[in-house]
Amino acid sequence: MDDIIRVFDTTLRDGEQSPGVSLNTEEKLEIARQLEKLGVDVIEAGFPIASKGDFEAVSAIAREVRRPAICGLCRAVKADIDRAWEALKEAAHPRIHVFIATSDIHLKYKLKMTREDVLKASVESVAYAKSLGAEVQFSAEDASRTDLEYLYQVFAAVIEAGADVINVPDTVGYAVPDEFGALIRGIKENVPGIDKVQLSVHCHNDLGMATANSLAAVQNGIQQVEGTINGIGERAGNAALEEIIMALNTRRDYFKRAVNIDTTQIYRTSMLVAHLTGMDIQPNKAIVGANAFAHEAGIHQHGVLSERSTYEIMTPESIGLKQNKMVLGKLSGRHAFEERLKELGYNLSQDEINAAFERFKDLADKKKVVLDKDIEALVTEKAIKIPEIYALDQFQISSGNKVTATATVRLKHGDQFIEEAACGDGPVDAVFNAIERCIGREVPLDDYGIRAVTEGKDALGEVTVRVRNDGQVFVGKGVSTDIIEASARAYIDAINKMLYETAK
Ligand SMILES: [Zn+2]
């Protein structure tokens, strides 16, 4: 049996379908580059026929990210496959992913097709995709609720038609580990030709069993596992790849299967995805949550201090979480700052370092000790370089429990300065209203959230806002020790992204 489990990442396709998430091409490219560093075998970059943005992102990733296979999703129809191939053909390793539902409930209510129709469409589209010269993956959507004999029949037919990878999705997160393992075993025993192809699974987390189901499939001899970083995805999300990877690594003694992953890139990948999608990670999330390696109870701390393995089954370093919290302060020079950035894994240009150093100096004036997390927040706030169509120059607020909040904001727009004043329900609302006046249009706010980057009352506040335009969502981030300033920066960031995308 093949020892390696191939890792198929669908953060940019299924993950991007999470409510409130919308990534632009630059952001998707940045995540794809990081996934390549992490070492995933396949990147599903999007659904090319779904939108112009998806098509562009898949083509850009196909051109630039060369080591992993780049995959595009298609329904089992020719137009989808043609569009996907157009986006993928420059990839070093293109993969076309054809899917069609096979469960009776999907056939009857969604597709309005008979079993014979679906079988025919599956075979024809796999054969057509194969004729283009790509590697072909076939998924039977809702496989875990599909009649077994029919599922075997469809899989056998698409293997015959040239499929290279057969994927078994638990689309609605309905499966239970033992049962899902048995499903995989049944497929291996009953589908002619299954040994010539890679068998894969794709699990959803509706009952919290996505990781367990994926691992049950691993134990039954699959060759590929699918999932997303931080488990993001529709509804309760997809299987979290970092969990599957660390389970396979930590319990190598049990699973006896390896992955081609550089686990020390997990933490950075997780941070980047959380930052760009605006989907924060719950503190107790396995592997990547803020508390995943924190030991609070005295008896645990004592144990870990004398011997880490008393309460630690894996080290924070193994996922790239640096425990060495070297502190920088007001007197730290540019050199020390630059060195720290390098140690944290950032490769920035001189201009970017200069800009980050300016902000670091400002921060060090307000905050005695600057921790790694502060530096990460400052650098990732500007992780994606979109043009700063508007920039915050200055603002002033007046607020209290017995007065109406008012704000005056001055924005820089090209060489000009625009200044406006407005009232609001509170200082943040007043500042947002003043910003809307400056840019001369309404920008409806969908969501607003704030979190402290570190502990302590001088901590940096990180604000995430979502604004909506024509049904599309744009996420903005802002960081400052002043939460009103962080809010203004986040709102302007979201507006800049919106204007940049709509001007394309
Ligand atoms: Zn899915």
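Quick notes on this structure:
- Computed over the Cα atoms of the stretch 371-504, pair by distinct pair, the Kirkwood hydrodynamic radius stands at 15.1 angstrom.
- Distances between every pair of Cα atoms in the stretch 344-437, grouped in 5 Å steps from 0 to the bin holding the largest one, split as 3, 12, 16, 14, 16, 18, 13, 6, 2, 0 percent.
- Folded to 0 to 90 degrees: helix 115-131 orientation relative to the chain principal axis, Cα: 70 degrees
- Lys402/Asp365 FRET efficiency (R0 45 Å; Cβ-Cβ; nearest 0.05): 0.90
- Between Glu455 and Phe255, the modelled labels are 3.3 nm apart [label points 7 Å from Cα along Cα→Cβ].
- Nearest-20 debye value, the chain charge dipole, Cβ charges on Lys, Arg, Asp, Glu: 440 debye
- The modelled label-to-label distance for the pair Asp446/Asp195, using points 7 Å beyond Cα in the direction of Cβ, is 5.0 nm.
- Among the trypsin sites (Lys or Arg not before Pro) in the stretch 367-446, those located in a DSSP loop and surrounded by at most 15 other Cβ atoms within 10 Å of their own Cβ are Lys368, Lys385, Lys402, Arg441.
- Size of charge dipole - the stretch 25-174 - debye, nearest 20, with Cβ of Lys, Arg +1 and Asp, Glu -1, no other charges: 200 debye
- Dipole axis of the chain (+1 Lys, Arg; -1 Asp, Glu on Cβ), positive-most option in Val379, Ile266, Val191: Val379
- Here the Debye sum runs over all C-alpha atoms of the chain as equal scatterers in vacuum, and log10 of I(q)/I(0) at q = 0.08, 0.09, 0.10 Å⁻¹ comes out as -0.56, -0.69, -0.84.
- Tensor-based shape of the stretch 1-106 (alpha-carbon gyration tensor, a/c under 1.5 rounded, otherwise prolate or oblate): rounded
- 20 Å reach of a label modelled at Thr502, 7 Å along Cα-to-Cβ, counting backbone N of the stretch 442-481: 442-448, 465-477
- Close amide H contacts of Ala101 (hydrogens built in the peptide plane, cut-off under 5 Å, sequence separation of 5 or more or a different chain): Glu141.
- Cα lying deepest toward the dipole's positive end in the chain, options Leu38, Ala364, Ala236, charges on Cβ: Ala364
- Other residues within the sphere of radius under 15 Å centred on the Cβ of Asp447, judged by their own Cβ, net out at 0 (K and R +1, D and E -1).
- Helix 427-439 axis, angle to the chain major axis (alpha carbon atoms, nearest 10°): 80 degrees
- Long-range amide H partners of Asp14 with built H, under 5 Å: none
- Span from the the stretch 1-62 Cα centroid across to the the stretch 409-428 one, whole angstrom: 37 Å
- Rounded to the nearest 10 degrees, the inclination of helix 372-381 to the longest alpha-carbon principal axis of the chain is 80 degrees.
- About its Cα centre, the stretch 215-332 has a charge dipole of approximately 200 debye under the convention of +1 per Lys or Arg Cβ and -1 per Asp or Glu Cβ, with nothing else charged.
- Each residue of the stretch 452-463 was assigned a 3J(HN,Hα) from its phi angle through the Karplus curve 6.51 cos²θ - 1.76 cosθ + 1.60 (θ = phi - 60°); the sequence is 8, 6, 10, 7, x, 7, 9, 5, 5, x, 10, 9 Hz, with glycine and proline shown as x.
- Taking the charge dipole of the stretch 78-214 about its Cα centre, with +1 at Lys and Arg Cβ atoms and -1 at Asp and Glu Cβ atoms, the residue from Val118, Ser200, Gly181 reaching farthest to the positive side is Val118.
- Summing charges over neighbours of Leu411, with a neighbour being any other residue whose Cβ is under 14 Å away from its Cβ, gives -3 when K and R count +1 and D and E count -1.
- Hull shadow area, averaged, the stretch 36-170 [alpha-carbon convex hull, nm²]: 7.9 nm²
Read-outs throughout are calculated quantities, based only on the coordinates presented, and are distinct from any laboratory measurement. Please read all numbers here as calculations on a predicted model, not as lab measurements. We place every Cβ from the backbone using ideal geometry, glycine too, and count neighbours over all the protein chains shown.
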